[in-house]
Amino acid sequence: MPRNFSERDGMPVSAEIVVRDMNASDRDQVKEILEQSFEGWYLREGLKGIDSSDRVLVAEVAGKVAGMAELRFYDAGEMIGIVYYLATHLSYRELGIASRLLDNALKFFKEEGTSLALCSIEHENQATVEFFGKRGFKETSVRSLASKYKIHFFGILRRALIVPGETIYTKNVD
Ligand SMILES: CC(C)(COP(=O)(O)OP(=O)(O)OC[C@H]1O[C@@H](n2cnc3c(N)ncnc32)[C@H](O)[C@@H]1OP(=O)(O)O)[C@@H](O)C(=O)NCCC(=O)NCCS
């Protein structure tokens, strides 16, 4: 549905959000979004993730990249879909961009036969905790993941790059 972007960045009165695969000419805008959204180690890993993720989606609004999502898989006997990095350009936040990216990510995970979507969030990142919580993701203990996935557990931690200070959230993909 067209959204009202009139007050943002000189956008047209209404513009559609188009979610598609990132291409080479989007790279600078994707990097800019990561640089606005993360710093230090998180930024470095997010920049590397552009090339090391299984799929990178962008949300385009009137020809401009307004948001990005790096998606990964881990085969733990059952396929796990990882929302690795998700970020919206500062000028386009709270307009539904990340929601559209997440909808597309979940659709893609489902098409690929994924049973579980997973992300990890720093405790203090309340906007993101709220974002995923409202969209059906539930806090999941390390202990329950370890007991469910056993030897695959460390592979999941590595692929999702889960580090101390983060909480894991999961959602069944159905
Ligand atoms: C989290 C983030 C991706 C949300 O992007 P967005 O395009 O603004 O999100 P949407 O407009 O689709 O959804 C907005 C929802 O996010 C949450 N949210 C966004 N900003 C918020 C804030 N400042 N405080 C609380 N909740 C907030 C709310 O749940 C809100 O839902 P609501 O509109 O129903 O209340 C964006 O804030 C961002 O890029 N943050 C920095 C990068 C980051 O931390 N990414 C996540 C870890 S990889």
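Scanning for something under 26 Å from ARG158 (Cβ atoms), under 13 Å from the mean Cα position of the chain (by Cα) and either more than 12 Å from the ligand (Cβ to nearest atom) or part of a helix (DSSP H, G or I) (or both), does the range 11-22 turn up at least one residue?
no
Is it the case that the range 54-66 has a residue that's surrounded by fewer than 17 Cβ atoms within 10 Å (Cβ to Cβ) and part of a helix (DSSP H, G or I)?
no
Among the residues of the range 91-100, are any modelled with pLDDT of 95 or more, touching a helix residue (DSSP H, G or I) at 6+ places or on another chain (Cβ under 7 Å) and assigned to a loop (DSSP other than H, G, I, E, B)?
no
Go through THR128, THR88 for me and flag whichever is closer than 23 Å to GLU16 by Cα, near the ligand (Cβ under 8 Å from one of its atoms) and of a type in the set (Val, Ile, Thr).
Being closer than 23 Å to GLU16 by Cα, near the ligand (Cβ under 8 Å from one of its atoms) and of a type in the set (Val, Ile, Thr) holds for just one of THR128, THR88, which is THR88.
Conditions tested, residue by residue: (1) touching a strand residue (DSSP E or B) at 6+ places or on another chain (Cβ under 7 Å); (2) modelled with pLDDT under 95; (3) loosely packed, with under 13 Cβ neighbours inside 10 Å; (4) under 20 Å from TRP41 (Cα atoms).
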{"residue": "LYS110", "(1), (2), (3), (4)": "no, no, no, no"}
{"residue": "SER115", "(1), (2), (3), (4)": "yes, yes, no, no"}
{"residue": "SER120", "(1), (2), (3), (4)": "yes, no, no, yes"}
{"residue": "PHE137", "(1), (2), (3), (4)": "yes, no, no, no"}
{"residue": "THR140", "(1), (2), (3), (4)": "yes, no, no, no"}
{"residue": "LEU161", "(1), (2), (3), (4)": "no, yes, no, yes"}
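Pairs under 9 Å by beta carbon, first residue at pLDDT 95 or above and within 12 Å of the ligand (Cβ to nearest atom) in the range 27-42, partner of a type in the set (Ser, Thr, Tyr) and not in a helix (DSSP H, G or I), six or more apart or different chains?
ILE33/THR88; LEU34/TYR85; SER37/TYR85; SER37/THR88; PHE38/TYR85; TYR42/TYR85
Any residue in the range 52-76 that is of a type in the set (Phe, Trp, Tyr) sitting within a Cβ distance under 8 Å of a residue that is within 12 Å of the ligand (Cβ to nearest atom)? List the pairs, counting only those 6 or more apart or interchain.
PHE73/ILE82; TYR74/ILE82; TYR74/ALA160
Can we say GLY155 is of a type in the set (Gly, Ala, Ser) and outside any helix (DSSP H, G or I)?
Numbers: of a type in the set (Gly, Ala, Ser): yes; outside any helix (DSSP H, G or I): no.
For GLY155, the condition - of a type in the set (Gly, Ala, Ser) and outside any helix (DSSP H, G or I) - is not met.
Could you go through the range 103-119 and let me know if any residue there is assigned to a helix (DSSP H, G or I) and near the ligand (Cβ under 6 Å from one of its atoms).
For the range 103-119, residues assigned to a helix (DSSP H, G or I) and near the ligand (Cβ under 6 Å from one of its atoms): absent.
The values are calculated or read from the model by the stated rules, or taken from the named source; none is laboratory data. Predicted, not measured: the structure shown is a model, and the values here were computed from it. Ideal geometry is used to build each Cβ from the backbone, glycine not excepted, and the neighbour counts take in all protein chains shown.
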